[in-house]
Amino acid sequence: TVAFVRTTIDRDADAYRSRIWLAPADGATPPRAFTAGPNDTAPRWSPDGQTLAFLAKRNGAAKAQVWLIGARGGEAWPLTALDEGATDPQWSPDGTRIACTSQVRPASADKHDSERKSDVRVIDRLKHKQDGEGVFDDRRRHLFVVPVRGQERGEARQLTFGDYNDSAPAWSPDGRTLAFISARHDDRDYDNKSDVWTVPVGEAGDEPAEPCRVTRTTGPCAMPAFSPDGQWLAYTGHDNDPRYGPTTLTGLWLAPADGSAPPRNLTAALDRPVGSGIGTDARYGVPPARPLWMPDSAALLCLVSDAGAAPLLRIAVADGAKTLLLAGARQLTNVTRSADGRRLAFAASSGTLPADIFACELAASAGQPALASDERRLTESNAALFAEVTLRAPEKHTYAAPDGQQLDAWVITPAGFDPARKYPLILEIHGGPHALYGESFYLEFQLLAARGYVVLYTNPRGSEGYGQEFVAALRNDWGGVDYRDVMAGVDWLAGQGFVDETRMGVTGGSYGGYLTNWIIGQTDRFRAAVSGRSTSDRYSHYGHSDHGSFTGDWEFGGPPWERADHYRARSPLTYAPNVTTPLLLEHQENDLRCPLPQGEEFFTALKKLRRTDVQLLRFPGESHEMSRAGKPRHRVERLTRILDWFDRYLTSAE
């Protein structure tokens, strides 16, 4: 049986509602709702399959706690009552305990608060804020273990301590140790590094044990997983290769569980990043995939991003040899396996499918690696909606950049498309810049096509999924090779004969908003533009953004006080006097990644230049992720205003 989360919109409350559903893995009967909600997530089967753990906000709680429910249903009961809630529940191998994480205040916090109440924030750390979370306080996330005793609430026992944040707990096969991720080195406030650590679980009443570091503090680490035989720890991450810095491709790494030898990258020869990072506006919050071990400890399963698709590979531990298990023009996420390793369940999406649940067998012949077979679809979550509307399948193409580099593009054409006619064009630009477009669903693209637009989206240099040199090619060249690559895509599509070059629009979000701002300062070929949660002044962005001082050092070759001329030369604000394209700027007031002042600076410049066709939208209470995870009404209004803006300027040639 597959447990999964289905999220819907409560229109009256302008909110999302999540429930856990169950589907038989053989697809014999339809899926059924299993919990009542309204905020149930993160289902985890107990090792014996008799109990389901999940996170829920119930009985008026503001923070999620771990709840349990029997496999046959009935009433759920709370396991934890942690002051700051619980995240990431993980069953011990024997099913007697659950590990989770929760935030903890320092022991001195209560005394300080009782002596002096103040709403003033005292900031003394470089890493003091995060988009979607806000400004950090003195709480730190640590590991807890909770006993499972029937339908009783367990007493949570804290395992890790200190001025660190710990995450992603993973049990050893013998249940004696937890692996986790933490940055505990002295320079953690100034770099992107973290490590895999282990800590003994012990028993109630034991003195807290000191964690043991497994990796070598060379780069970011994520999602550790013990091998079934307990000898190895697999994790995802990279080592900040001096040539590529933070753009080093994420790999699947293997380290001895006792840290006795350096880790090795099992996927170095792939020249593709591990993970399924294809962009979409139909899904948000999918956690990084934890490596999946096969029961014999001889191989792992992992997703990779490859030229706009996300295939599933089997990677041999001995030599890194790869076997393709699942592929196709689609994006796979949330891959999990049955306890015996004979069956997989996963979510899959495509250009015409937001996401549904699938399952397949892992068949193996003697001496051969397991291969996926007998794939079946378990859910059709949006069947009723899609029976009422027309979706257009994207078509993948390849075109050449001015220097001959081959680049991928996708084109969505309107219903009733006639190549003998001329259509208005919308160029869409992805964020990142080290993200990618591909075989995934975009509601925005479908809505534009439904309005009669041809939609073009491309993967210029800087995008992931095409190798290490490709993704790192953008360093010190924002607005250079990326601009030439996307404009070459426009030229290629215009050459097909069905694009009306007098009615072209350009849009994008985050880095895509940056490049939109840049483009309209370099050319007047576009008759309308929409720039979402963008940046315009890379100099000030360095200090405004939660990530600005980290990305700027690498992407722009150093801090702005050392390379002021370069920062100014590659800032769209510098070219504001050139802008004549009608521009809609949309920003979120709580965005800490591309903060509101970045849009205000560009808006102010254009208004002072007497550009009348410019508007600034401010969405209150929203973060950088509004287009994927904001309030439903804000997401709808954003899309509606984008459509209306393009309609105003592009629906006629007059």
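A few remarks follow.
- Some residue of region 433-454 being crowded, with 18+ Cβ neighbours inside 10 Å, free of Cβ contacts under 8 Å to residues at least 60 places away in the same chain and not in a helix (DSSP H, G or I): yes
- Residue check, Ile426 open to solvent by less than 30 Å² (accessible area, probe 1.4 Å) and more than 25 Å from Ser305 (Cα to Cα): yes
- Pair list, Cβ under 7 Å, 6 or more apart: region 143-154 residue closer than 20 Å to Ala170 by Cα, other residue part of a strand (DSSP E or B) and aromatic (Phe, Trp, Tyr): Leu143/Phe180
- Apart from one condition, Thr217 fits all of (1) touching a residue at least 40 places away in the same chain (Cβ under 8 Å); (2) under 29 Å from Thr336 (Cα atoms); (3) part of a loop (DSSP other than H, G, I, E, B); the exception is (1).
- Filtering region 54-98 to residues that are of a type outside the set (A, V, I, L, M), open to solvent by less than 10 Å² (accessible area, probe 1.4 Å) and part of a loop (DSSP other than H, G, I, E, B) leaves Thr80, Gly85, Ser92.
- The number of residues in region 227-245 being open to solvent by 10 Å² or more (accessible area, probe 1.4 Å) and under 15 Å from Leu301 (Cβ atoms) comes to 4.
- Residue list for region 7-46, filter: among the charged types (D, E, K, R) and open to solvent by 50 Å² or more (accessible area, probe 1.4 Å): Arg11, Asp12, Arg17, Arg19, Asp26, Arg32, Arg44
- Filter result for Thr101 (within 29 Å of the chain's Cα centre (by Cα), buried (at least 16 other Cβ atoms within 10 Å of the Cβ), touching a residue at least 40 places away in the same chain (Cβ under 8 Å) and outside any strand (DSSP E or B)): no
- Test: residue in region 513-521 that is of a type in the set (Gly, Ala, Ser), touching a Ser or Thr at 6+ places or on another chain (Cβ under 6 Å), closer than 23 Å to Asp281 by Cβ and crowded, with 22+ Cβ neighbours inside 10 Å: yes
- Every residue from region 591-615 that is without any contact (Cβ under 8 Å) to a residue 40 or more places away in the chain and open to solvent by 40 Å² or more (accessible area, probe 1.4 Å): Glu600, Phe603, Thr604, Lys607, Lys608, Leu609, Arg610, Arg611, Thr612, Asp613, Gln615
- Helices (runs of 4 or more DSSP H) contained entirely in region 503-620, each with at least 3 residues that are aromatic (Phe, Trp, Tyr): 511-522
- Considered as a group, the residues in region 140-163 that are over 23 Å from Ser549 (Cα atoms) and among the basic types (Lys, Arg) include one that is surrounded by the fewest Cβ atoms within 10 Å (Cβ to Cβ), and that residue is Arg149.
- Scanning region 546-565 for residues that are within 28 Å of Thr523 (Cα to Cα), within 30 Å of the chain's Cα centre (by Cα) and surrounded by 18 or more Cβ atoms within 10 Å (Cβ to Cβ) turns up Gly548, Thr551, Gly552, Glu555, Phe556, Pro560.
- Going through (1) touching a residue at least 24 places away in the same chain (Cβ under 8 Å); (2) in a loop (DSSP other than H, G, I, E, B) one by one, Ala36 falls short only on (1).
- Selected residue (criterion: least open to solvent (accessible area, probe 1.4 Å)) from residues of region 164-185 that are free of Cβ contacts under 8 Å to residues at least 40 places away in the same chain and under 28 Å from the mean Cα position of the chain (by Cα): Ser182
- Ala629 being modelled with pLDDT under 95, open to solvent by 20 Å² or more (accessible area, probe 1.4 Å), among the small types (Gly, Ala, Ser) and more than 25 Å from Leu425 (Cα to Cα): yes
- Taking the criterion of being among the acidic types (Asp, Glu) and closer than 24 Å to Asp229 by Cα, the only residue of region 282-314 that qualifies is Asp296.
The values are calculated or read from the model by the stated rules, or taken from the named source; none is laboratory data. None of the values given here were measured: they were computed from a predicted structure. Cβ atoms come from the backbone with ideal geometry, glycine included; neighbour counts cover every protein chain shown. The area values use the complete protein model at the heavy-atom level, side chains included, leaving out ligands, DNA and RNA. Shrake-Rupley method; radii C 1.70, N 1.55, O 1.52, S 1.80 Å.
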